[in-house]
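Comments concern the structure below.
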Amino acid sequence: MSILNLNDVPPPKPPAGSERVEPSSSAASALDTSALTTPPVSAAPDATAIEADPLKTLALKPQIIEQLSTVYDPEIPVNIYELGLIYDVIVDRTGLAVIKMTLTAPGCPAAVTLPAEVEGKVKSIDGVSDARIDLVWEPPWTKDLMSEAAKLELGIFD
């Protein structure tokens, strides 16, 4: 009986198609790791920011709010303006209306339909050349953002 010496046995061959390729030293040095060691660069200015036209905003904001008041969250019988989902309305000199809004929760089932409906209603206003919806999560929506009328409608008494 002989003793099996494992040093004399060749390593098993990998199954076909599963060969491991070791990175070459040139490939390893080609990886860019500077993001791990370099301090972050300050953020560029917001490309989506617009310059508000105070006169156009003043003239069109009441009509925009009137249209927003016809949009309802499908799960809550109160319009989105009274719910406090609209954070800001501005209009630039070209008539672009930008609506900064949120939803009641990030997982809101109306996350696709509400912004699209808002955009369509705002675009329908004379004097508005286009509409953009900026959906934001900060500050998060709370019931404190609701109007008193909305709270009464929903039976919320603080």
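The values are calculated or read from the model by the stated rules, or taken from the named source; none is laboratory data. Just so it is clear, the structure is predicted and the values come from calculations on it, not from any experiment. Here the Cβ positions follow ideal geometry from the backbone for every residue, glycine too, while neighbour counts run over all protein chains shown.
What's the total number of residues in the range 60-71 that are buried (at least 16 other Cβ atoms within 10 Å of the Cβ), in a loop (DSSP other than H, G, I, E, B) and out of contact with any Leu (no Cβ under 8 Å at 6 or more places or on another chain)?
So the answer is 0.
Kindly list the number of the only condition in (1) more than 16 Å from S69 (Cβ to Cβ); (2) touching a Leu at 6+ places or on another chain (Cβ under 9 Å); (3) of a type in the set (S, T, N, Q) that fails for T94.
Checking T94 against (1) more than 16 Å from S69 (Cβ to Cβ); (2) touching a Leu at 6+ places or on another chain (Cβ under 9 Å); (3) of a type in the set (S, T, N, Q), the one that fails is (2).
Limited to the range 98-157, what total is found for residues that are aromatic (F, W, Y) and in contact (Cβ under 8 Å) with a residue 24 or more places away in the chain?
Qualifying residue count, the range 98-157: 2.
For the condition surrounded by 10 or more Cβ atoms within 10 Å (Cβ to Cβ) and modelled with pLDDT under 65, what is the one hit in P74, P45, P23?
When all the criteria are applied, what remains is P23.
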